[in-house]
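Written below as structure tokens is the structure these notes are about.
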Amino acid sequence: MNSRSNHPAISVRDLWMSFPGQRAGQPILVLERVNLEVKPGEFVCLVGPSGCGKSTLLNIVGGFLRPTRGDVIVEGEPVRHPDPRRIFVFQENGVFPWLNVEENIGFGLLAKSPAERHRLVAHYLAMVGLGGFERAYPRELSGGMRQRAEIARALAANPEIIYMDEPFGALDFITRLKMRADLTRIWQTEKKTVLFVTHDIEEAVQLADRVLVMSQRPATIQTVINVPLPRPRDLDSPGYLATRDRIFAAMGMSLRIGESADPGDDNPNSPRGGASRSRSTSEAKPPPQSSVSAPDASPPAGKLDAQVIIIGAGPAGSTLAAYLARAGIHHLLLDQSVHPRPHVGESLVCSTTRIFQDIDFLPVMEQAQFVRKYGAVWTHWADEQQRVIRFREIPELGLAQDYTYHVDRGRFDQLLLQHAARQGSQVLEGARVERVEFGSDGLATGVRLRQHGQERALRCQLVADASGRGTLLGSQLRLKRNDSLFHQFAVHNWFEGVDRGPAETADYIHIHVLPLPRAWVWLIPIDPTITSVGIVTEGADFARGNMPVEDFFARHVASHPLLARRMARARPIHEFSREGNYSYVMDRFAGNGWLLVGDAARFVDPVFSSGVSVAMESARRAAEAIIRALARNDLAAAAFAGYERAVRAGVDIWREFILRYYQLPPLFLDLISRPDGRRQLTQLLQGDVYDRASVPILEQMGATIRAVSDDPNHPWHPHLSGHDH
Amino acid sequence: MNTLSNQPGPASSPSPEAEREPAGAPASRASWSPAKFVLPFSVATLFLLLWDAGVRLSGSDLFPKPIDVVRGIVELIQEGLLLKYVVASLFRVTSGFTLAVLVGVPFGLVLGWYSRAFQAFNPMIQIFRPISPIAWIPVAILWFGVSDAAPIFLIFLASVFPITVSAIAAVQNMQPVYLRAARNFGLSRAQLFRRVVFPACLPQVLTGIRIALGVAWLVVVAAEMIAVNSGLGYLIIDARNAGKRYDLVVAGMVMIGLIGLALDLCVRRLEKFDEVRWGYANR
């Protein structure tokens, strides 16, 4: 600690590094004139494009590599070799597989007495949250837990500095978020100096006091960005978003990608060198963003930025974009967040497969290895009978595939967006649309958006609002009406250790009907170990309880004995999320130069996993309407009347079906436990419900419900829920 | 709408985000199923029946039926020969093989670690390795006469190369991250070898040892046919020479097979230890 006051913890001066190239005499210059300083106790992130040399820099600072030229001074001494006073945490995980967790953490403590060693091991084991896993071997742990063990091993050695080389790079999105939160907590307790390499800008902003942005190879420190945000950090706060956007801008990618080679960049934050260099990179992963500053296809009317602007890159927006790209219509896809971002709604229905086929997305879905969904299982709280729907029994859609998928929405939405980008969509992430602009003739003319803290306007012929439950245009035009029949509320989380029941139906979606009216629980397999579980109930029910969300969750699970058994060993993975699923509908779905797609138009409590399907189907129909309207060059409201009619009819059928379902759950359960009933529910459960004549079962359900309600002695009578319509 | 934040929050106890992965679980939980025993026994029974029928149909009075072999084994047990020969064979294998492990493992680890040493010795190893131990039998008799030393030498020769080569490969294929982590903790050269290099190489070395033991057992039988007057190999050759006792010949063969199986099972047992099991993840 004596060194703390006198000099920086780490100081790098005029550092150069080159490696021997393919041919002798042509070394590859990796680092060029790098200078940096890290203060004692500071958390500094090094970010830069993949392959720029940031790991090389960290390895030099750590003493694993000798620089070609220049000095690294750590704690006042030049670095010659690795030193136990600064411990490295490796991306590929350096936990020793032949030692158990306890022995690994104690690895650097052999000089200490056994008692002291034991105390330190126990302390750091608890700090990283591995209590109970002392004797486990690394092969028995998940990737995240192995990284926790390695962090504990580093901390136990009581180093002054910890070097971390993309330690969370191999983990999934949710685990990464959790690891960052825990690392922040640990850093606040331990007060170590941390130098952390990452290529993930969000990660850097979530963790660091300062972010050093490196340029392309030969790399140097291009910009230093302070992150003066208080911890814990709020990922929605304007300060967070602004800092993030500054880094994007500094990296020259500035949320732009692609075809525009024009460095005529209107962003003052973006250094020219960085911008032009980054565009020449050939990264393995195609970044999903795209340039707006100079669209290559010149739009028809003078100063337009695109023919169509799509707001929101969820399933509806990305699907619409993919259709338009395939039709050669020049469009921009804007999203205020940067994918992947978390989202609920994880199970699909079969009718999406047709759309995947339309836009060539099916191979991507197959390659992504999402859990296949072959059917659905309903169980009622009062009995344990499993009523099973198997999609292979209902092949009417003419699909080759007898399954659909359960998806991690963060990943699914990102894949769909990337697919749209590959098809030719121009994507702009991190662009928050403030409002849609209208001309004096009432025709939508474009949008105003905020990006990197600056406002700008984009002009187009048609605005498609796919902003989801943000309902941007619906709110702006005051079209939104709440649907008082469905004030549903959802509490959900991801769990491990959920018993998914018999093997045959283990990867089906499981729906559990609870004793309360309109209350049910979904159970959706996300991967071999993670299961999404969510409770849906009436909003009033949740408000009435006034209890902590965990207790609320536990109480409802306990009300369904079979479910309670399945959840007996389940452990939540992150915080519970809750959201109001308040159903709504817009007065109009389209107008002069604009239309609404997906949840932006209408949202109904998605009991039957219909959400993504309805959104994508409306996008498909919107694409047809838009292509036709542009061909005729008539974008007035009338051009979209057919679109509105079809989508409204579809959602109305869904709504009615869901209402009937809620009115008398035993009726539905009875129908699906009989083959003829199942056959009649086919189209509904596949999600193909845009023609009322094709679903006569709705009338039958209505008739039965009326009969039951008129007959007080009917065994189902007590199950009727209050609302009728 | 971003509902996640990185708030550490008092409620969010740092629970690890995943349960133990089932990585090795299916292997360890080796589900007992009848098929596991019924199938191999059925095949063995079928084999014995075919053998019996074959001998009966051919009318051979020289080649034994299975039951004759069993009688032969019983006879050997009663005369006290079987135990004596098995012990003699096992003694030779154990001696030669232990010697090979003691020489081969350190030698291989050193060659794997020091590239100069590897460059110097590897060509010689590659020349000696393909020479069958059988080819060494005349040389062994010349050097050691008809004594235990000759087969022990042959077994050593047969098993030392697979062990050395697997130890070399184990060091050379070691994950660099383990070495870097170890260097970071400031280990001395000796500590590095003992605490990291050796355990990191152990799974692959053990695989080499298992292969070498199989070879050693093959060789002992061949060596005993020529160079000594006890052991299972000697039993076979003696039974044939002394009176065309093919029932005893086959009895010897059966014992060799059974003991080979037992040896392999023993070494496979070693591979189940936690210290090495990580190295066989995909088996």
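Give the lysines whose C-alpha is closer than 25 Å to that of A:Lys54, dropping any in the same chain fewer than 8 places away, or say none.
A:Lys39, A:Lys178, A:Lys191, A:Lys192, A:Lys285
Check cross-link reach from B:Lys272 to the lysines: straight Cα distance under 29 Å, and skip same-chain residues fewer than eight apart.
Candidates past the 8-residue exclusion: B:Lys36.
Once phi is turned into ³J(HN,Hα) by the Karplus curve 6.51 cos²θ - 1.76 cosθ + 1.60 with θ = phi - 60°, what whole-Hz value does each residue of the range A:71-84 show in order, with x for glycine and proline?
Ordered by residue, 3J(HN,Hα) equals 10, 10, 10, 10, 6, x, 10, x, 8, 10, 7, x, 9, x Hz.
Can you give me the three principal axis dimensions of the range A:488-580 from its C-alpha atoms, in Å, biggest first?
Projected onto the principal axes, the Cα atoms of the range A:488-580 cover 38, 26, 20 Å.
Given the DSSP H assignment, sum -39500 (n - 2.57) over each helix run of at least 4 residues in chain B and divide by its residue total; what's the result at 222 nm in deg cm²/dmol, nearest 500?
The per-residue figure over chain B is -24000 deg cm²/dmol.
Measure off 7 Å from each Cα along the Cα-to-Cβ vector at A:Thr68 and A:Val364, then give the distance between these two points in nanometres to one decimal.
Distance between label points: 4.0 nm.
Does anyone have the angle between helix A:641-663 and the longest principal axis of chain A? Alpha-carbon axes, 0 to 90°, nearest 10?
80
Per the Kirkwood formula on distinct C-alpha pairs, the Rh of the range A:34-147 is how many angstrom?
16.6
Name the residue from A:Ala126, A:Gly442, B:Ile152 whose Cα lies farthest towards the positive end of the charge dipole of the protein assembly as shown, charges +1 on Cβ of Lys and Arg and -1 on Cβ of Asp and Glu.
Comparing the listed Cα positions along the dipole, B:Ile152 ranks first.
Can you tell me the 0 to 90 degree angle between the C-alpha axis of helix B:115-128 and the longest principal axis of chain B, rounded to 10?
For helix B:115-128, the angle is close to 20 degrees.
If I take all pairs of Cα atoms in the range A:544-644, what percentage of them are more than 23 Å from each other?
51
Under a plain spin-label model, where a point goes 7 Å from the Cα along Cα-to-Cβ, how far apart in nm are B:Lys244 and B:Ser60?
Distance between the two pseudo-spin positions: 1.2 nm.
One quarter of the convex hull surface, Cα atoms only: what value does that give for the protein assembly as shown in nm²?
54.4
Would you tell me the mean number of C-beta atoms belonging to other protein chains that fall within 10 Å of each C-beta in B:182-192, as a whole number?
Partner Cβ neighbours, averaged per residue: 5.
What residue among B:Phe41, B:Phe91, B:Phe198 shows peak mean-square fluctuation when chain B is described by a Gaussian network model with Cα springs under 10 Å?
Ranking B:Phe41, B:Phe91, B:Phe198 by mean-square fluctuation puts B:Phe41 first.
What full-extension length gain, to one decimal in nm, is calculated for A:Glu190 and A:Arg85 as 0.36 nm per residue of separation minus the Cα-Cα distance?
Here the answer is 36.4 nm.
Any idea what angle helix A:315-326 forms with the longest principal axis of chain A, computed on alpha-carbon atoms, 0 to 90 degrees, nearest 10?
90
Averaging sequence separations of C-alpha pairs under 8 Å and six or more residues apart, then dividing by the length of the range A:488-580, give the relative contact order as a whole percent.
44
Assign unit charges at the C-beta atoms only (+1 for Lys and Arg, -1 for Asp and Glu), then state the dipole size of the range A:343-446 relative to its Cα centre in Debye, rounded to the nearest 20.
For this selection, approximately 200 debye.
Taking every alpha carbon pair in the range A:112-185, what does the distance histogram look like in 10 angstrom bins from 0, in percent?
In order of increasing distance, the bins hold 18, 51, 27, 4 percent.
Amide H to amide H under 5 Å from A:Thr223: which residues, 5+ apart in sequence or cross-chain, H placed 1.01 Å off N in plane?
Those qualifying (amide H under 5 Å, at least 5 residues apart or on another chain) are A:Val213.
Specify the longest stretch of chain A that does not include any exposed loop site, a site being one of the GluC sites (Glu not before Pro) with a non-H, G, I, E, B DSSP assignment and at most 14 other Cβ atoms within 10 Å. Please report the intermediate quantities before stating the final value.
On the way: sites that count: A:Glu92, A:Glu134, A:Glu259, A:Glu283, A:Glu384.
Result for the longest clean stretch: A:385-725.
If I stretch the segment between A:Glu92 and A:Ser113 completely, what's the gain in nm (0.36 nm per residue apart, minus their alpha carbon distance), one decimal?
4.5 nm
Under the definition of partner shielding as Cβ atoms of other protein chains within 10 Å of a residue Cβ, what is the mean value for peptide B:242-251?
Partner Cβ neighbours, averaged per residue: 0.
Which length gain, in nm to one decimal place, applies between A:Arg632 and A:Arg411 when the Cα-Cα distance is subtracted from 0.36 nm times their residue separation?
On the way: separation 221, 0.36 × 221 = 79.56 nm, distance 3.73 nm.
The A:Arg632-A:Arg411 span can extend by a further 75.8 nm.
Over the Cα atoms, compute the radius of gyration (one decimal) and Dmax (the largest Cα-Cα distance, rounded to a whole number) for the range B:201-267, in Å.
14.3, 51
Could you give me the ³J(HN,Hα) list for the range B:191-199, computed from phi with Karplus coefficients 6.51, -1.76, 1.60 and θ = phi - 60°, whole Hz, x at Gly and Pro?
4, 4, 5, 6, 8, 10, 4, 4, x
How much FRET efficiency would the formula 1/(1 + (r/R0)^6) give for B:Arg194 and A:Gln357, where r is the Cβ-Cβ distance and R0 is 60 Å, rounded to 0.05?
0.50
Determine, from the Cβ-Cβ distance of A:Asn158 and A:Arg13 and an R0 of 25 Å, the FRET efficiency 1/(1 + (r/R0)^6), rounded to the nearest 0.05.
It comes to 0.35.
Beyond 28 Å, what share of the Cα-Cα pairs of chain B is found? Please give it as a whole percent.
Details: 22302 of 39903 pairs.
Here the long-distance tail beyond 28 Å is 56 percent of all Cα pairs in chain B.
How big is the range A:94-218 along each principal axis, measuring the range of its Cα positions in Å and listing the largest first?
Here the spans come out as 47, 29, 28 Å, largest first.
With viscosity set to 1.306 mPa s and temperature to 10 °C, compute the Stokes-Einstein D of the range A:583-714, Rh being the Kirkwood radius across alpha carbon pairs; µm²/s, no decimals. Each step should come with its number before you reach the end.
On the way: Rh = 16.1 Å.
It comes out at roughly 98 µm²/s.
Any idea what the dipole of the protein assembly as shown comes to, in debye rounded to 20, about its Cα centre with Lys/Arg Cβ at +1 and Asp/Glu Cβ at -1?
Computed about the Cα centre, the dipole is about 2120 debye.
Please work out the FRET efficiency for the pair B:Asn173 and A:Tyr582, using the Cβ-Cβ distance as r and a Förster radius of 51 Å; give the result to the nearest 0.05.
E between B:Asn173 and A:Tyr582, to the nearest 0.05, is 0.30.
On a straight-distance basis, which lysines could pair with A:Lys373 in a cross-link, Cα separation under 25 angstrom, same-chain partners fewer than 8 positions away excluded?
Those lysines meeting the cut-off do not exist here.
Over chain A, what relative contact order in percent results from Cα pairs under 8 Å that are six or more residues apart?
Details: 1427 pairs, mean separation 76.0, N = 725.
Relative contact order for chain A comes out at 10 percent.
Read the figures in this text as sums done on the coordinates, not as results from a lab. Only a predicted model underlies this, so the values are computations on that prediction, with no experimental measurement involved. With ideal geometry, Cβ positions are generated from the backbone for all residues, glycine too; neighbour counts draw on all protein chains shown.
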